[in-house]
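These notes concern the structure reproduced below.
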Amino acid sequence: MGLLLVAVLVLASIFVVRLYELHPPASIGDCPSKALVLAPGSQLTETSQITVGQSTGCWAKYSTDWSPHEIVSYYTTSVNTPGWTLKDLIESVGEVDLASTTRPGLQGLIQVGSNSARVSGRTQFNLSVCFCDPHEFAQ
């Protein structure tokens, strides 16, 4: 009887895992993502939910009056990004890679170069969030 119960539990576990793989939950939520704090005064200009392979992520473009340097500085200051840690910074190209400390596997990417497109005098920057390598969604 005990062996039969163990076999049923193992089969049920395999079924649940396979079901999760076929229909993963919407783990990042709606786009634009609210998982990563937005720099104050930033305005959404474009957003898209993107799927590459098995990964779905959220990409969004924002505009701000801040300079590219100020945006990078904001996202690399830990008090501004609670629940996130700095993984990598390539300041020369304005790229900040972050990892969630509260949701294992969730990653964020901010991209704003010194030659960032300026529309009506405002700096444009991209923010991508996913349970994957967010560089896959960078546009």
Item to check | Charge sum, other residues only, whose C-beta stays under 12 Å from Ile28's C-beta, Lys/Arg counted +1 and Asp/Glu -1 | outcome: +1
Item to check | Sequence ranges 81-93, 62-74, 30-42, ranked by mean other-Cβ count within 10 angstrom, highest first | outcome: 62-74, 30-42, 81-93
Checklist outcome for this item: The correct ranking of Glu95, Glu46 by accessible area at 1.4 Å, largest first, is Glu46, Glu95
Item to check | For the range 33-108: rounded, prolate or oblate by the Cα gyration tensor [a/c cutoff 1.5] | outcome: oblate
Checklist entry - Whole-Hz Karplus ³J(HN,Hα) for the range 42-48, in order, using 6.51 cos²θ - 1.76 cosθ + 1.60 and θ = phi - 60°, x for Gly and Pro? => result 6, 10, 5, 10, 6, 8, 7
Item to check | Heavy-atom SASA rank of Asp97, Asp133 (probe 1.4 Å, accessible area, largest first) | outcome: Asp133, Asp97
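The values are calculated or read from the model by the stated rules, or taken from the named source; none is laboratory data. Because the structure is a prediction, the values reported are computed rather than measured. Positions of Cβ are backbone-derived with ideal geometry, glycine not excepted, and every protein chain shown enters the neighbour counts. Protein only, heavy atoms only, side chains kept; ligands, DNA and RNA dropped before computing areas. Shrake-Rupley method; radii C 1.70, N 1.55, O 1.52, S 1.80 Å.
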